[in-house]
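Reviewing the structure listed below.
The values are calculated or read from the model by the stated rules, or taken from the named source; none is laboratory data. Treat the numbers as computed from the prediction; the structure is a model and nothing was measured. As a convention, Cβ positions derive from the backbone with ideal geometry for all residues, glycine included, and neighbour counts pool all protein chains shown.
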Amino acid sequence: MRRIATAAALLLATAVPAFAHLDPGEHGSIAAGFSHPLYGVDHILAMVAVGVWAAMIGGRAVWAAPVTFVAVMAAGFAASFAGAPLPFVEPAILASIVAFGLLIALAAPVPVELVLVVTGFFALFHGYAHGSELGAAGALPFGAGFIAATALLHAVGAGTGIAMLKSLDNAHGRLALRVAGGATAAYGVALAVAG
């Protein structure tokens, strides 16, 4: 049980913000875009959780879920930049943390197609939020930066999930990931209540 708790704590430690938002004028639009998802714990938890969930589902979900998230997130960014309305952006982002956490905690077998629908749905809101916070940054470099950071966070989640499933025996690895998923969902609820 101690190994499971340690593994879950290590997984949660990957979700610590690393940067503050960078000023595009001082650091450049790519750096500002790259730092943007790393600033908010809500974005970090959701992005890492997508990778973990994909690792738990396995098969083509390991690459298809992150690719779908990034592609639909880019579309959400473009929609925001174009001024298209999208209601409930912040509540949907908080809901994504809770949903991804619960999906990990429940560890239910889900068809890959449904995984892609769920990740794509929430990705639209994350991308839209990035677009609405563009500020003085150039759209294309800012977008390239946050797409790279998002892909990195997905890779951290997937890599952590795969490593935990292989380093612990599969049952203990899944249990550790489920505990981390439950903690992620609880944190998402706490963020929603605090907001």
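Could you go through the range 24-31 and let me know if any residue there is at pLDDT below 55, surrounded by 23 or more Cβ atoms within 10 Å (Cβ to Cβ) and assigned to a helix (DSSP H, G or I).
Scanning the range 24-31, I find no residue that is at pLDDT below 55, surrounded by 23 or more Cβ atoms within 10 Å (Cβ to Cβ) and assigned to a helix (DSSP H, G or I), so the answer is no.
Can you find a residue that is within 16 Å of the chain's Cα centre (by Cα) and assigned to a helix (DSSP H, G or I) anywhere in the range 169-177?
Scanning the range 169-177 turns up at least one residue that is within 16 Å of the chain's Cα centre (by Cα) and assigned to a helix (DSSP H, G or I).
Need pairs with beta-carbon distance below 6 Å; first residue touching a residue at least 12 places away in the same chain (Cβ under 8 Å) and surrounded by fewer than 19 Cβ atoms within 10 Å (Cβ to Cβ) and within the range 61-89, second assigned to a helix (DSSP H, G or I) and among the polar types (S, T, N, Q); sequence gap 6+ or separate chains.
Nothing qualifies.
Take the residues in the range 41-55 that are over 13 Å from LEU152 (Cα atoms) and modelled with pLDDT of 95 or more, then tell me which one is farthest from the chain's Cα centre (by Cα).
ALA55
Return the pairs, sorted by first residue and then second, in which the second residue is outside any helix (DSSP H, G or I), the first residue lies in the range 142-166 and is under 23 Å from ILE57 (Cα atoms), the beta carbons are less than 6 Å apart, and the residues are 6+ apart or on different chains.
Every condition considered, the pairs that remain are VAL156/THR14.
Give PRO109, PRO87 a once-over and let me know the one that is at pLDDT below 95, farther than 21 Å from ALA31 by Cα and not in a helix (DSSP H, G or I).
Unique residue meeting the criteria: PRO109.
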